[in-house]
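The values are calculated or read from the model by the stated rules, or taken from the named source; none is laboratory data. Just so we're clear, the structure is a prediction, and the values are computed from it rather than from any experiment. FYI the Cβ positions are ideal-geometry reconstructions off the backbone, even for glycines, and counts take in every protein chain you see. Protein only, heavy atoms only, side chains kept; ligands, DNA and RNA dropped before computing areas. Shrake-Rupley method; radii C 1.70, N 1.55, O 1.52, S 1.80 Å.
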Amino acid sequence: MSIRKKYIAGNWKMNKLSAEASSLAAEIVKGAKAAKCKVLIAPPFTALSEVSKIVKGTNVILGAQNMSNEKSGAHTGEISIDMLKDLGVGAVILGHSERRIIYGETDKFINSKIKLALAEKMEVIFCVGETLEEREAGKAADVVSKQVINGLKDVPEADLSLITIAYEPVWAIGTGKTATDRDADDVHAIIRQTLKKIYSAGSAEKMVIQYGGSVKADNAAGLLSMENIDGALVGGASLKAEQFLAIINSVK
Ligand code: PEP
């Protein structure tokens with residue numbers, strides 16, 4: 001029996017206008033009342049305000065998909081941590097591969113965002129994962145360990161309780177290709193080993209590590225049954241209440 005509570009998070013990415021977001025959130029809140037796991041939904045920034053009203057006082061946590069690494073000031077187009085808190089956001093997804101690859105976010109930049117979030121007591125879902133090229137070159141373990149080490153640079157052990165790591169192999173995101181249960185669990189074990197080296201066995205053991213990459217209702221139970229897989233970060237399947245709730249309900 002794991003000491004870690006399972007955690008299912010939905011990343012809606014750049015989808016859903018306010019009204020659609022509100023009805024999706026309402027369906028999720030209704031269906032997740034008896035969830036046996038921690039549940040988060042991360043709508044786009046523009047829907048946070050509306051969705052915040054719907055999740056308030058429920059067991060569904062409001063997440064944001066990104067935030068600025070600066071507290072405030074002259075940063076046109078950016079969203080600050082205080083703005084997120086103001087809307088009731090409880091956790092922020094940082095280091096998603098789409099931010100890394102499309103928008104050029106580096107480990108160092110992601111690390112600065114993680115440190116700001118932690119300093120402000122905001123929970124973080126910190127994403128790591130290798131590309132197909134890196135996997136085929138046999139570098140998956142090295143790439144992921146390096147992302148973990150760099151992303152957590154100067155993060156004190158006491159703050160780890162605010163962090164969830166999401167292992168998301170880039171080649172599995174939105175492609176319909178899922179890592180096998182075994183392959184995913186192997187990388188999760190490597191992440192845990194890395195945390196043990198940086199911090200301690202106790203902290204590594206407590207860290208919740210989600211898997212992400214084409215998680216659906218029909219593959220969730222298998223993935224979640226693995227020793228080191230403690231939840232899922234779900235993209236596409238989190239956009240349909242029925243599918244997302246089926247993933248949540250696969251946690252027994
Ligand atoms: C994601 O982007 O975090 C993700 C895992 O997407 P999908 O489930 O669609 O592969």
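Please specify each residue of segment 107-123 satisfying the condition of being open to solvent by less than 40 Å² (accessible area, probe 1.4 Å) and aliphatic (A, V, I, L, M). ILE110, ILE114, LEU116, ALA117, LEU118, MET122 - these are the residues of segment 107-123 that are open to solvent by less than 40 Å² (accessible area, probe 1.4 Å) and aliphatic (A, V, I, L, M). Looking only at residues in segment 28-48 that are touching a Phe, Trp or Tyr at 6+ places or on another chain (Cβ under 9 Å) and over 21 Å from VAL124 (Cα atoms), the one that is most open to solvent (accessible area, probe 1.4 Å) is GLY31.
Of the residues making up segment 144-155, one or more are out of contact with any strand residue (DSSP E or B) (no Cβ under 9 Å at 6 or more places or on another chain), on the phi < 0 side of the Ramachandran plot and of a type in the set (Val, Ile, Thr). You will find that of GLU157, GLU242, GLU205, GLU227, the residue that is touching a Ser or Thr at 6+ places or on another chain (Cβ under 6 Å), of a type in the set (Asp, Glu) and at pLDDT 95 or above is GLU157 and no other.
Where strands (runs of 3 or more DSSP E) sit wholly within segment 162-252, those with at least 1 residues that are touching a Lys or Arg at 6+ places or on another chain (Cβ under 6 Å) occupy 208-212, 231-234. Just one of GLY90, GLY104, GLY57 is open to solvent by 60 Å² or more (accessible area, probe 1.4 Å) and away from the ligand (no atom under 16 Å from the Cβ); which is it? None of the other options fit; the residue is GLY57.
Scanning segment 70-79 finds no residues that are open to solvent by less than 40 Å² (accessible area, probe 1.4 Å) and touching a helix residue (DSSP H, G or I) at 6+ places or on another chain (Cβ under 8 Å). Filtering ILE79, ILE93, ILE125 for residues that are in a loop (DSSP other than H, G, I, E, B), under 16 Å from ALA42 (Cβ atoms) and at pLDDT 95 or above leaves a single hit, ILE79. Counting only residues that are open to solvent by 10 Å² or more (accessible area, probe 1.4 Å) and not aliphatic (A, V, I, L, M), which one in segment 60-69 is nearest to the chain's Cα centre (by Cα)? Step by step, filter segment 60-69, then rank; the result is GLN65. Taking the criterion of being of a type outside the set (A, V, I, L, M, F, W, C), outside any loop (DSSP other than H, G, I, E, B) and without any contact (Cβ under 8 Å) to a residue 60 or more places away in the chain, the residues of segment 35-76 that qualify are THR46, SER49, GLU50, SER52, LYS53.
Only a single criterion out of (1) open to solvent by less than 40 Å² (accessible area, probe 1.4 Å); (2) within 18 Å of the chain's Cα centre (by Cα); (3) away from the ligand (no atom under 16 Å from the Cβ) is not satisfied by SER161, namely (1).
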